[in-house]
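What follows is one structure encoded as structure tokens, with my remarks underneath.
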Amino acid sequence: MSYEIIEKLKKEIAGFKDEAEFRDVGIVTETGDGIAKISGLTNALSQELLYIESAHGEVPVLAANLEDNSIGVILLGDAVAVKVGDRARKSGKILSIKVGQELLGRVVDSLGRPADGKGVIFRNPESAKDYFLERAAPSVIERQSVDTPLHTGIKAIDAMIPIGRGQRELILGDRQIGKTAIALDTILNQKSDKTGRQVICIYVAVGQKNSKVAQVLKLLEEEGASKYTVIVSAPASSPAALQYLAPFAGCAIGEYFMDKGEDALVIYDDLSKHAIAYRELSLLLRRPPGREAYPGDIFYLHSRLLERAAKLRKEQGGGSLTALPIIETQLGDVSAYIPTNVISITDGQIYLEPKLFYQGVRPAVNVGLSVSRVGSKAQTKAMKKVAGKLRLELAQFRELEAFVKFASDLDENTKQKIQRGARLAEMLKQEDRAPMEFYKAVLIIYAAISGFLDGIKLSDVKKYERELLEYLGKLHKTLLIEIEKTGDISGKTEAALKTAIQDFTGNIFNK
Amino acid sequence: MPGKQEEISKRFLETVRKNGDLKSAGKILKALGVFLTGERGGRVISVESARGMQDATRAKFSERFQKEDLVEFSVNPALIAGARVTVNNSRELDFSFKRKLNKLFK
């Protein structure tokens, strides 16, 4: 050992003062499967962060069960390092993560540690703030009704199931049916949407495959959406504890932006796996199982998470946190325990139906079963004008759809309604990763409900849509800009629009 | 009453044997000791030292506590040097070298 090192050590030791003093400790009496039991620490708080002093360093744990003679804790670090007999100490802190602007474009785990291999997140630690994972939802006086739309870029949703900033809208459906695709399209659409402030997106992956998270990240980077997005990843391979905490971490990040007066969107993909992770922990902690072996507080778990989504009043900064939880159903069973719980908590749901998916209707949104309880208040006037008629026409079409097989025996009026309905349904089909700006969607829906698609072959509807937008973009750009800026279609604009579409349909497309 | 005590101990061991818990007899007796100490209003004092203590040192240690207290001695080489005293598994006085090292290099 070099002389310098020895001298440094000597210097350190010379200045070292230490006196043994009494302190509160706990002793690990049981450990395994990501949980442990600690005796002692009688004054520990619920949800407090404790540290177990293992032979390999300190392991953070979360106090979950406070019992008569022991504490049931959830291990948040290296579970293998913890042994029976290890000491535990209190930290006096509630679990929190570091949040800040530098999180944008990064992938983090449930405790805010980088998970993308890009190194330290906060180069300037002072710029980071500590945000509690568990925080009380904004109170009634701090909130206001939603008033700004959050456009998903999906025509069917923006028109008929509108989402407002600060709303909680559930996306539910079977596996492999396009739930994540809707959420990702919503993120992508925030790049071009000029309706309000830039929406900061947080994608929380709970119990997903690592490959899926990698795909999501790649897509967001390719589409230039990663600069306003944060991914919180708790993949299937991570301990149940981290899967349980991930949505709360995502919510805390969203709250940071909301508190700054910005608009944030958090996507919980998905809460079914979150419920499963929580069930696993609860059973290991020996909490009494209830329906489907979920613990009694599973409803409270999701309600306290989703209640944190809010639109704040101007006096509170005017920020918002929109939540899009995702629930995976089994064989379309929406009446199962977790789906019904989350349906009742949220402000509406987008239901994706397998039958529609296999018929080629994508996104496979069942407009009849999907609702948005508060979003229509935030819908732009332009969209409101066209959406009312669209909903009515589609409802009539669905009623008459059964008669399509007997088309020859139907009267002209019914035939026409079926024809128009089929074109409307075709018009609402949309590919993945192709979100559409709301004003373009308004134009297409306007053309469809005004009957301009009636004379067009079903197979040409997509071509018509593409070419009409191209035509209007080139020759009537002012109309598009006006609708985008004002969010409304004035009488004058409507007349000009009608003439332009008439001109395109009659003189250009059908020629 | 020595005869009665003997009888109780015999019955206790018989019960443990019947339940196939003879291997855990030590643990059971320890738990019983802790329970009885609590009943008497005493505390369980656990003294860990890096090396085995001499009887005289043990006696000195025990003198420091009340009659009702249960004082247990054990060797824990992980402490490197010194000793650690834990009261009722919840309060600790640590004057081991390991703690000093941990604190120094934290």
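The values are calculated or read from the model by the stated rules, or taken from the named source; none is laboratory data. Since the structure is predicted, the reported quantities are computational estimates derived from the model, not experimental observations. Cβ placement follows ideal geometry from the backbone for every residue including glycine, while neighbour counts extend to all protein chains displayed. For accessibility, only protein heavy atoms count, side chains too; no ligands or nucleic acids. Shrake-Rupley method; radii C 1.70, N 1.55, O 1.52, S 1.80 Å.
Each residue in the range A:15-51 was checked for being within 11 Å of chain B (Cβ to nearest Cβ) and free of Cβ contacts under 8 Å to residues at least 40 places away in the same chain, and 10 of them qualify. The number of residues in the range A:432-458 being within 24 Å of A:Ile182 (Cα to Cα) and outside any loop (DSSP other than H, G, I, E, B) comes to 10. One residue stands out among those in the range A:260-313 that are more than 24 Å from the chain's Cα centre (by Cα) and charged (D, E, K, R): the one that is most open to solvent (accessible area, probe 1.4 Å), which is A:Arg286. In this structure, is B:Gly38 more than 14 Å from every other protein chain (Cβ to nearest Cβ) and open to solvent by less than 60 Å² (accessible area, probe 1.4 Å)? It is false that B:Gly38 is more than 14 Å from every other protein chain (Cβ to nearest Cβ) and open to solvent by less than 60 Å² (accessible area, probe 1.4 Å).
The rows are residues; the columns are (1) polar (S, T, N, Q); (2) over 22 Å from B:Asp94 (Cα atoms); (3) in contact (Cβ under 8 Å) with a residue 40 or more places away in the chain.
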site	(1), (2), (3)
A:Leu76	no, yes, yes
A:Ala81	no, no, no
A:Val84	no, no, yes
A:Ala88	no, no, yes
A:Ser91	yes, no, yes
A:Leu95	no, yes, yes
A:Glu102	no, yes, no
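Just one residue in the set B:Lys106, B:Lys27, B:Lys60 is away from every other protein chain (no Cβ under 14 Å) and either open to solvent by 80 Å² or more (accessible area, probe 1.4 Å) or farther than 23 Å from A:Gly40 by Cα (or both); that residue is B:Lys60.
Restricting attention to the range B:63-97 and to residues that are within 10 Å of another protein chain (Cβ to nearest Cβ) and in contact with a helix residue (DSSP H, G or I) (Cβ under 6 Å, 6 or more places away or on another chain), the residue that is most open to solvent (accessible area, probe 1.4 Å) turns out to be B:Gly82. Scanning the range B:83-106 for residues that are among the acidic types (Asp, Glu) and touching a Phe, Trp or Tyr at 6+ places or on another chain (Cβ under 8 Å) turns up just one, B:Glu92.
Taking the conditions exactly as written (closer than 21 Å to A:Gln379 by Cβ and either at pLDDT 95 or above or small (Gly, Ala, Ser) (or both)), does A:Ile187 satisfy them or not? The answer is yes for A:Ile187.
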